[in-house]
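To keep things clear, I will list the structure first and then write my remarks on it.
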Amino acid sequence: MAINPKKTPMPTQDPIERGRNFNEVAIGYTVEMALGEAERCLNCKNKPCVSGCPVNIDIPSFISKIKESDFEGAYQVISKYSSLPAVCGRVCPQESQCESKCTLGIKFEPVGIGRLERFVADYHNANATEKPVKPTPNGHKVAVVGSGPSGLTCAGDLAKKGYAVTVFEALHTAGGVLVYGIPEFRLPKSIVAKEVQTLNDLGVEVKTNVVIGKTLTVDELFEDGYEAVFIGSGAGLPNFMNIPGESLKGVYSANEFLTRSNLMKAYREKSDTPIMKGGKVAIVSGGNVAMDAARTALRLVAEKVYIVYRRYMTELPARKEEVEHAEEEGIDFKLLCNPIEILGYDNPDDKRDPKNGTVVGIKCIKMELGEPDERGRRSPVPVEGSEFVLDVDAVVMSIGTSPNPLIKSTVDGLEVNRKGCIIVNEDGLTSREGIYAGGDAVTGASTVISAMGAGKVAAKAIDDYIMNK
Ligand SMILES: Cc1cc2nc3c(=O)[nH]c(=O)nc-3n(C[C@H](O)[C@H](O)[C@H](O)COP(=O)(O)OP(=O)(O)OC[C@H]3O[C@@H](n4cnc5c(N)ncnc54)[C@H](O)[C@@H]3O)c2cc1C
């Protein structure tokens, strides 16, 4: 049978309709679609796709199980390597990881590995009734700081070996960026809650509303009998541009904007969480986080949403799929322009005017691409005299994040680099004995799967450390 050169398309909600609701955009494969897509896999002997996966899932094996209609068997293969398959099937940048190595991709579109992973995980979640078997306790205790993908993976791998693992989370819900950052329409909270429940069933205890460095210190965790600590505290501290007007009312960091919508439920019609609702919004920058903020603003009934980005469309750092979805939904991309000031309403005659100090516009300057830098990438330079104003009621800054310095400031001898990222060796060990770290706290803002990979490496190293102590 001839191979279909194209991936089986992912069914999605209608773009106009979905721009006004928070339901999941991608609907997921049917059984027929999954079987059709699985048939495209060549089952290569050397499995290049596996090397493209930071947790090395045996991709051809799980796809072979799909071909046999053994969907639960496929899930069992994936879950040997990943504790968050329903999450990864939705948000991993497969096009630059496993799918970029797919042999079929040399001539045709690669196999839709992410879409198949999502199908398998959703099938399991809908049909499996058995809880995972709790491993026999080995009598050792490990603490994990942060319940994002790195912390959850580390916790899961250690729990499977019999460790008593406690995850300490600063927020009131477990999941890290998966719940406070990534919007419901890309990753439903119920999916993350289900994956966390699976870890709970394995014996992982999650203590929310505990800020390590304030409520308890890392040293106090050791005093409480934890033999090792994994720090997976992420990179949640937002960066700003330091341009005039950034302290006006109506200027948000993307993290704050998304947290208000996601975790503080501002997206619910009757929510009293303060957030922009209606009006025009400018989102600064063009990464995945910016796409999430733009599409969230649209769903919060913004009249108009702009992405302000200083390079060309082809250089947008966001995933192609996310950019396409944003375009389909009507987000207006203002390319080759950069903000230089945020303008505020100012009524000098009436200081009690509630509109005083609120955003009314964003002043930008047009950019052109100048000489190539040392990496051969042409840098954007401002075009003199090309300033213009976009009338907006809110501005969301999405120009990156850094690790929060709280942990570093409360752990003696913990070395960080000049960006505040924790320094670790190849096993995830920090400069302090017994303290391991991974994920965005080590790399700076990265991806879910690389955070999971780091959690896995550290879990193995923690096991070796405790067993050989
Ligand atoms: C809006 C947004 C969209 C994204 N979309 C994608 C995507 O589509 N695909 C992708 O692969 N990646 C995406 N990413 C990146 C990805 O989510 C992160 O790389 C990943 O979540 C990092 O995992 P982590 O475990 O290191 O940290 P996090 O997920 O940040 O989790 C860290 C956790 O630690 C907690 N914490 C921090 N300090 C303390 C403390 N002192 N005490 C206790 N708890 C603490 C935090 O509250 C948080 O829950 C996105 C990021 C954002 C912000």
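The values are calculated or read from the model by the stated rules, or taken from the named source; none is laboratory data. Quantities reported herein were computed from a predicted structural model and do not represent experimental measurements. In this analysis, Cβ positions are derived from the backbone assuming ideal geometry, glycine residues included, and neighbour counts consider all displayed protein chains. We work out accessible area using only protein heavy atoms, side chains counted, and drop any ligands, DNA or RNA first. Shrake-Rupley method; radii C 1.70, N 1.55, O 1.52, S 1.80 Å.
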Q. Of the residues that make up segment 124-143, is at least one assigned to a helix (DSSP H, G or I) and either closer than 26 Å to Lys460 by Cβ or within 16 Å of the ligand (Cβ to nearest atom) (or both)?
A. yes
Q.
Quick check on segment 38-47. Is at least one of its residues within 24 Å of Val457 (Cβ to Cβ), outside any helix (DSSP H, G or I) and in contact (Cβ under 8 Å) with a residue 12 or more places away in the chain?
A. yes
Q | Unmet criterion (only one of (1) on the phi < 0 side of the Ramachandran plot; (2) open to solvent by less than 60 Å² (accessible area, probe 1.4 Å); (3) not in a helix (DSSP H, G or I)) for Ile63 | A | (3)
Q. Would you pick out the residues in segment 425-469 that are assigned to a loop (DSSP other than H, G, I, E, B) and either under 22 Å from Val177 (Cα atoms) or open to solvent by less than 20 Å² (accessible area, probe 1.4 Å) (or both)?
A. Gly428, Thr430, Gly434, Gly438, Gly439, Gly444, Ala445, Ser446, Thr447
Q. Which residues, counting only those in segment 261-293, are under 18 Å from Ile342 (Cα atoms), touching a Gly at 6+ places or on another chain (Cβ under 9 Å) and within 14 Å of the ligand (Cβ to nearest atom)?
A. Ser285
**Q.** Those residues of segment 154-175 which are within 8 Å of the ligand (Cβ to nearest atom) and either open to solvent by 10 Å² or more (accessible area, probe 1.4 Å) or closer than 15 Å to Ala437 by Cα (or both), in sequence order
**A.** Phe168, Glu169, Ala170, Leu171, Ala174
Q. What number of residues within segment 73-108 are open to solvent by 60 Å² or more (accessible area, probe 1.4 Å) and either assigned to a helix (DSSP H, G or I) or assigned by TED's automatic domain parsing to the domain that holds Ala155 (or both)?
A. 8
Q: Looking only at segment 202-216, count how many residues are open to solvent by 40 Å² or more (accessible area, probe 1.4 Å) and either in contact (Cβ under 8 Å) with a residue 60 or more places away in the chain or among the hydroxyl-bearing types (Ser, Thr, Tyr) (or both).
A: 4
Q: Hey, could you check segment 77-94 for residues that are within 12 Å of the ligand (Cβ to nearest atom) and of a type in the set (Val, Ile, Thr) and say which is farthest from the chain's Cα centre (by Cα)?
A: Val87
